[in-house]
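Okay, so here's the structure we're looking at.
The values are calculated or read from the model by the stated rules, or taken from the named source; none is laboratory data. Small disclaimer: the values here were computed from a predicted structure and weren't measured. All Cβ positions, glycine included, derive from the backbone under ideal geometry; neighbour counts span all protein chains shown.
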Amino acid sequence: MENNPHVRVRDSKMVAEPEPKLSVSITSGFWKRYQTLLYEKILPYQWSALNDEIEGAPKSHSIENFRIAAGTSNGEFHGMVFQDSDLAKWLEAAGYVLEIAARDDTIPDEVRRKLGQRVTEAVAVVAAAQQPDGYLNTYFTAKEPNRRWSNLREAHELYCAGHMIEAGVAVYRGTGDRTLLDVVIRFADHIATVFGRDGGKRRGYPGHQEIELALVKLYKATGERRFLGLAEYFIDERGAEPSYFDLESQSGNFKPIWGPNTRDHAYNQAHAPVREQRTAVGHSVRAMYQYIAMADLAIEARDASLAEACRALWDSTVKRRMYVTGGIGSSRHGEAFTIDFDLPNDTAYAETCAAIGLFIFAHRMAELDDHARYCDTAERVLYNAIISGLSLDGTRYFYVNPLEVEPSRCDESGTYEHVKYRRQSWYGCACCPPNVARILGSLGDYVYRTKGNTVFVDHFLNGTASLSLDSGTMELEQSGKYPWDGRIGFTVTRAVDGPAGIAVRIPDWCDDASLTLNGEPVDVTEGNRDGYVVLHRTWQTGDTLELDLPMPVRMLSADPRIAADYGKVAIQRGPLVYCLEQCDNGPGLHTVTLPESPEFSVTFHDAELGGVTVITARGFISTDEFVGETPYAADRRTETRKPVELKFVPYYAWANRAPGEMTVWVRRFES
């Protein structure tokens, strides 16, 4: 085994330890509210859902499935073939919260105790369901014991394995208890006996990517290179000819589960070897999880061909197939990408899980290239496309995140039935709710990066950080009122010996940033390197940086090839995209028009929507009358434009009040 910084030797034994690169505590502000919501409301609510205790919510049965597979409960498997992953993601999120609680004495002891008990209970149930050979999957153990690994394309065995591996690492990080980590190590070792290029092993790769990135994470947690090698195998094998999925479907033990869209290899990103892929296609969540793993391996193996493919796939996704909110995957058919610039607002899919995948992929690309453009996108996705999937009280969810809603269409038309204007209590396919929980729990992992003797500031949130550099440990404190105010302060609370760098991201939405060091101005243009202002010096404890990011209201126009947005504008302030809701502006939002040069008013409303900055402007709403026996007639329309005061609220906060219409894009009147 090669030397790995994530593993320490104690008494001649290899002991896995979490990666010691950084430790971040969120102490106040916007994201502290979300992390408090996570342990007070979100995780307890989701635990109840996983135990089928939410009245009126779709049945989960996820935990009971493990009991049935373990033989400690009678009954039949219920739910999706990937139902195991819901509990795995909940465990991962809970592991992060317990890690936070270990260094945050503001979290009540009762919260720690109760969450710890639930994690212990869940881990015991999972461990009991593991088979003697290491196999772990409740669907096949309880329902199809003779069809293991017979339908990788559709059955999600490796997907569920990946999420449980991530859970094992997170729970170990948070508690120091190896029980679940040892379970997933046994499972990964079992998988390695089944798949590979060695004699007697079978070809294969997952229909839904996830295990690839999880194996890299397991390698980092244990230092065992065999896990990295297995991840490389699954990535390298994908798209090779003859197609494994074609061969698999011809096997006598193959049993179809899903519909015909899974027979299109592009749907699974298996249409070509990954190093030859240049366009984001197929199921958007699967695509993101694959791209994350590709970037992971490009970093770990310094693989230039994988890195080149990642950059092309990034450009395809972000420059031509992403919504202004950061949502991706525009079609409900296959939850998939379609073609360049096909981004309809009212039928948008933009699954919450896909946004989470893009957020993680963005950070892997930032680590690969050290360019701020990736974290600019990550910020857009986080503040808009991810938390839009969660209600402000933490108990309701959006699977789909449209940019325009007219409720009567959703209620009556099959075309719009995937679009909801009320968040849901749970789902039969509940992949998104626990996914949001795990990203909120792990948010501290994405604020800073370190490389050599440089700290990269990728996100702005209030908290403290302990950061491992080549020359020692630097500690920083960050404060401000972001995202409502762009004035952000940094204090070095512990310096390292000798020179070190602090690289501060200047967001792409800000055209007039300024920075001071100990009160003295810094030239942000001269010091700018790929979107970061880099200050390299010998730091002293007590040194301060003050970043000022002016936040004027911006009207964004879309590429004219995006037909749905032609002649319209979207409103953005700071990282937040805004929208109009019927409860503030009345019905008929599709007829709203902004003047060519509107005057915007910005006000913070502490008691509204959990505390938000509201934007108002004078505009117009049509009161047209149409006279005709059919919907179409020549010169029968009488146009009247009524002046109104329009009220815009952050997109992430919509659908938390009275149900009604919503729109992000608004027509702009041009003289």
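Things worth noting here:
- Hey, residue 524 assigned to a strand (DSSP E or B) and either in contact with a strand residue (DSSP E or B) (Cβ under 8 Å, 6 or more places away or on another chain) or not β-branched (Val, Ile, Thr) (or both) or not: no
- Checked against the criterion of being over 17 Å from residue 176 (Cβ atoms), in the same structural domain as residue 62 (by TED's automatic domain parsing), in contact with a helix residue (DSSP H, G or I) (Cβ under 6 Å, 6 or more places away or on another chain) and buried (at least 18 other Cβ atoms within 10 Å of the Cβ), the candidates 125, 119 yield just one match: 125.
- Residue within the stretch 545-558 that is outside any loop (DSSP other than H, G, I, E, B), among the hydroxyl-bearing types (Ser, Thr, Tyr) and modelled with pLDDT of 95 or more present: no
- Residue in the stretch 90-99 that is in the same structural domain as residue 28 (by TED's automatic domain parsing), surrounded by fewer than 17 Cβ atoms within 10 Å (Cβ to Cβ), within 18 Å of residue 177 (Cα to Cα) and within 27 Å of the chain's Cα centre (by Cα) present: no
- Of the residues making up the stretch 624-647, those that are within 23 Å of residue 658 (Cα to Cα) and of a type outside the set (Asp, Glu) are 644, 646, 647.
- Scanning the stretch 176-209 for residues that are over 24 Å from the mean Cα position of the chain (by Cα) and of a type in the set (Val, Ile, Thr) yields 179, 183, 185, 191, 193, 194.
- Any chance residue 326 is surrounded by 18 or more Cβ atoms within 10 Å (Cβ to Cβ), touching a strand residue (DSSP E or B) at 6+ places or on another chain (Cβ under 7 Å), outside any helix (DSSP H, G or I) and assigned by TED's automatic domain parsing to the domain that holds residue 399: no
- The number of residues in the stretch 258-286 being of a type in the set (Lys, Arg) and in a loop (DSSP other than H, G, I, E, B) comes to 1.
Residues checked against (1) under 19 Å from residue 139 (Cβ atoms); (2) assigned by TED's automatic domain parsing to the domain that holds residue 274; (3) not in a loop (DSSP other than H, G, I, E, B):
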| site | (1), (2), (3) |
| --- | --- |
| 206 | yes, yes, no |
| 213 | no, yes, yes |
| 216 | no, yes, yes |
| 221 | no, yes, yes |
| 233 | no, yes, yes |
| 241 | no, yes, no |
| 248 | yes, yes, yes |
| 253 | yes, yes, no |
| 256 | yes, yes, no |
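- You will find that of 355, 350, the residue that is touching a Gly at 6+ places or on another chain (Cβ under 7 Å), in contact (Cβ under 8 Å) with a residue 40 or more places away in the chain, closer than 20 Å to residue 378 by Cα and part of a helix (DSSP H, G or I) is 355 and no other.
- Here residue 380 passes the criteria (1) assigned to a helix (DSSP H, G or I); (2) surrounded by 24 or more Cβ atoms within 10 Å (Cβ to Cβ); (3) touching a helix residue (DSSP H, G or I) at 6+ places or on another chain (Cβ under 7 Å) except the one numbered (3).
- Number of the exception - residue 483 against (1) closer than 21 Å to residue 519 by Cα; (2) in contact (Cβ under 8 Å) with a residue 40 or more places away in the chain; (3) not hydroxyl-bearing (Ser, Thr, Tyr): (1)
For (1) within 22 Å of residue 571 (Cα to Cα); (2) β-branched (Val, Ile, Thr); (3) within 18 Å of the chain's Cα centre (by Cα), each residue gets a yes or a no:
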position	(1), (2), (3)
387	yes, yes, yes
393	no, no, no
401	yes, no, yes
404	yes, no, no
409	no, no, no
412	no, no, no
415	no, yes, no
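- Test: residue in the stretch 171-191 that is touching a strand residue (DSSP E or B) at 6+ places or on another chain (Cβ under 9 Å), in the same structural domain as residue 75 (by TED's automatic domain parsing) and under 26 Å from residue 284 (Cα atoms): no
- Residue 44 vs. criteria out of contact with any Cys (no Cβ under 6 Å at 6 or more places or on another chain), within 30 Å of residue 461 (Cβ to Cβ) and at pLDDT below 95: no
- When the stretch 403-419 is filtered for residues that are in contact with a strand residue (DSSP E or B) (Cβ under 8 Å, 6 or more places away or on another chain) and either assigned to a loop (DSSP other than H, G, I, E, B) or surrounded by fewer than 22 Cβ atoms within 10 Å (Cβ to Cβ) (or both), the ones remaining, listed by number, are 403, 404, 419.
- Here is the figure for the stretch 186-204: residues that are under 15 Å from residue 148 (Cα atoms) and either β-branched (Val, Ile, Thr) or not in a helix (DSSP H, G or I) (or both) total 8.
- Residues that are part of a loop (DSSP other than H, G, I, E, B), outside the structural domain of residue 650 (by TED's automatic domain parsing) and over 25 Å from residue 577 (Cβ atoms) occur at least once in the stretch 448-461.
- Residues in the stretch 170-180 that are surrounded by fewer than 24 Cβ atoms within 10 Å (Cβ to Cβ) and in a helix (DSSP H, G or I): 172, 173, 175, 179.
- All of 494, 505 fail the test of being charged (D, E, K, R), within 22 Å of residue 453 (Cα to Cα), touching a helix residue (DSSP H, G or I) at 6+ places or on another chain (Cβ under 9 Å) and touching a residue at least 40 places away in the same chain (Cβ under 8 Å), apart from 505.
- Residue match in the stretch 1-16 (condition: hydroxyl-bearing (Ser, Thr, Tyr), over 24 Å from residue 458 (Cβ atoms) and either modelled with pLDDT of 95 or more or not assigned by TED's automatic domain parsing to the domain that holds residue 457 (or both)): yes
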